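This report concerns only the one structure given below.
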Protein chains: 2
Amino acid sequence: MTTSKVSGARVWRVGAEVNTDALAPGHTMKHGIEVVAKHCLESVRPDFAAGVQRGDVLVAGADFGIGSSREQAASALVHLGLAAVIAPSYSGLYFRNAFNVGLLLLTCPRAEELAESERISFDARAGSILRADGQTLAIDPIPGFLLDMVEAGGLLAQLRRRLAAKEPT
Amino acid sequence: MTTSKVSGARVWRVGAEVNTDALAPGHTMKHGIEVVAKHCLESVRPDFAAGVQRGDVLVAGADFGIGSSREQAASALVHLGLAAVIAPSYSGLYFRNAFNVGLLLLTCPRAEELAESERISFDARAGSILRADGQTLAIDPIPGFLLDMVEAGGLLAQLRRRLAAKEPT
């Protein structure tokens with residue numbers, strides 16, 4: 001389950017303009033998310049899908065998630081157990097899909113200062129990333145209702161829980 | 001009401017990184033949307049709020065809508081009758097809020113080629129902008145369910161209609 005506060009997360013670095021075809025390759029689109037996830041980022045980081053551990057973070061350059069509206073481009077990262085993506089900016093559609101499927105995106109103008117394999121901590125509600133050397137990077141504030149949704153596992157999971165609890169949605 | 005197909009829309013130009021405080025100035029936050037809308041973009045285009053006509057479009061540079069999550073930054077433009085915003089990229093939060101409140105955002109890598117006061121047509125479902133000189137600019141595809149939502153007047157308006165029609169949501 002995604003949480004908005006994480007300690008000691010390992011950084012995987014990719015560049016700018018990582019597109020949805022790199023995240024969810026076209027040749028896997030007939031298959032389930034287990035297969036899509038195995039091929040996630042194979043064209044830019046062939047070591048990623050097999051090596052990523054639950055709780056790791058993906059750090060990218062600007063315009064992460066451009067391309068198509070395929071939801072698997074976000075849900076593959078959820079399936080792999082990623083704690084968050086950290087980038088200076090995202091495609092608008094990707095941002096929408098990601099929170100809906102329970103993937104936390106942190107918008108951090110200085111994301112690219114983070115190094116490959118570095119261990120970081122973050123608190124999305126406090127709006128900061130803490131580096132191993134004690135340096136802090138600011139992240140753009142995320143409204144509480146979106147953090148609640150992502151922590152609940154996404155939009156559908158949150159609606160199901162609320163209906164089960166008979167709370168007003 | 002927003003439609004995904006518009007003819008002869010007049011272009012209002014602004015630059016890159018137009019933020020939510022320019023769209024919905026802090027000093028208007030205690031007031032209703034009528035007041036917020038009157039001050040929309042006053043710091044970057046003082047002629048905009050008084051001059052904009054229903055069906056006009058706002059054309060901007062990259063990272064439109066960065067800043068806070070205030071929804072008024074999108075609903076002020078809906079209140080002013082804007083047909084669409086056209087920009088190369090948006091803040092993820094702004095993209096989410098805009099469609100939710102019924103504001104159409106077109107993602108167009110070459111948006112900044114459009115000129116002040118030029119008349120354009122667009123068809124969001126077909127994915128193109130037609131200039132007065134016959135030139136076509138591509139816009140990134142938007143999923144049909146998002147266009148349906150924006151045409152219905154946003155998320156809440158769409159849910160209300162569906163509930164009233166007793167369709168499954």
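The values are calculated or read from the model by the stated rules, or taken from the named source; none is laboratory data. Keep in mind the model is a prediction, meaning the values are calculated, not measured. As a convention, Cβ positions derive from the backbone with ideal geometry for all residues, glycine included, and neighbour counts pool all protein chains shown. Ligands, DNA and RNA are stripped out before the accessible areas are found, and what is left, the full protein with its side chains, is counted by its heavy atoms. Shrake-Rupley method; radii C 1.70, N 1.55, O 1.52, S 1.80 Å.
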Failed item in (1) among the polar types (S, T, N, Q); (2) part of a loop (DSSP other than H, G, I, E, B); (3) away from chain A (no Cβ under 14 Å), with B:SER69 passing the rest:
(3)
Filter region A:130-169 down to residues that are of a type in the set (Asp, Glu) and either in a loop (DSSP other than H, G, I, E, B) or within 14 Å of another protein chain (Cβ to nearest Cβ) (or both) and give me whichever is nearest to B:GLY67 (Cα to Cα).
A:ASP140
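Per-residue answers, yes or no, for (1) under 19 Å from B:VAL78 (Cα atoms); (2) touching a residue at least 40 places away in the same chain (Cβ under 8 Å); (3) surrounded by fewer than 15 Cβ atoms within 10 Å (Cβ to Cβ); (4) of a type in the set (Val, Ile, Thr):
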site: B:GLU116; (1), (2), (3), (4): no, yes, yes, no
site: B:PHE122; (1), (2), (3), (4): yes, yes, no, no
site: B:LEU137; (1), (2), (3), (4): no, no, no, no
site: B:GLY144; (1), (2), (3), (4): no, no, yes, no
site: B:GLU151; (1), (2), (3), (4): yes, yes, no, no
site: B:GLY154; (1), (2), (3), (4): yes, yes, no, no
site: B:ALA165; (1), (2), (3), (4): no, no, yes, no
Name the one entry in B:GLU34, B:GLU42 that is of a type outside the set (Lys, Arg), out of contact with any helix residue (DSSP H, G or I) (no Cβ under 6 Å at 6 or more places or on another chain), in a helix (DSSP H, G or I) and surrounded by fewer than 24 Cβ atoms within 10 Å (Cβ to Cβ).
B:GLU34
Among residues of region A:79-93 being assigned to a helix (DSSP H, G or I) and open to solvent by less than 50 Å² (accessible area, probe 1.4 Å), the residue farthest from the other protein chains (Cβ to nearest Cβ) is A:LEU93
Looking at region A:49-66, which of its residues are more than 9 Å from chain B (Cβ to nearest Cβ) and among the acidic types (Asp, Glu)?
A:ASP56
Being at pLDDT 95 or above, of a type outside the set (A, V, I, L, M) and out of contact with any helix residue (DSSP H, G or I) (no Cβ under 8 Å at 6 or more places or on another chain) narrows it down to one residue among A:GLY65, A:GLY8, A:GLY61, A:GLY81; which is it?
A:GLY81
Of all residues in region B:47-66, count the ones that are open to solvent by 10 Å² or more (accessible area, probe 1.4 Å) and either part of a helix (DSSP H, G or I) or touching a residue at least 60 places away in the same chain (Cβ under 8 Å) (or both).
3
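Residue-wise test of (1) of a type in the set (Val, Ile, Thr); (2) at positive phi; (3) without any contact (Cβ under 8 Å) to a residue 60 or more places away in the chain.
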{"site": "B:THR2", "(1), (2), (3)": "yes, no, no"}
{"site": "B:VAL6", "(1), (2), (3)": "yes, no, no"}
{"site": "B:ARG10", "(1), (2), (3)": "no, no, no"}
{"site": "B:ALA22", "(1), (2), (3)": "no, no, yes"}
{"site": "B:PRO25", "(1), (2), (3)": "no, no, yes"}
{"site": "B:THR28", "(1), (2), (3)": "yes, no, yes"}
{"site": "B:ALA37", "(1), (2), (3)": "no, no, yes"}
{"site": "B:CYS40", "(1), (2), (3)": "no, no, yes"}
{"site": "B:ARG45", "(1), (2), (3)": "no, no, yes"}
From B:PHE122, B:PHE99, grab the single residue that is more than 14 Å from chain A (Cβ to nearest Cβ) and either within 30 Å of A:LEU147 (Cβ to Cβ) or in contact with a Lys or Arg (Cβ under 9 Å, 6 or more places away or on another chain) (or both).
B:PHE122
Since B:ALA111 meets every condition but one in (1) among the small types (Gly, Ala, Ser); (2) over 14 Å from B:THR20 (Cα atoms); (3) away from every other protein chain (no Cβ under 12 Å); (4) in contact with a helix residue (DSSP H, G or I) (Cβ under 7 Å, 6 or more places away or on another chain), which condition does it not meet?
(4)
Do you know which residues across region A:68-78 are open to solvent by 10 Å² or more (accessible area, probe 1.4 Å) and at pLDDT 95 or above?
A:GLN72, A:SER75, A:VAL78
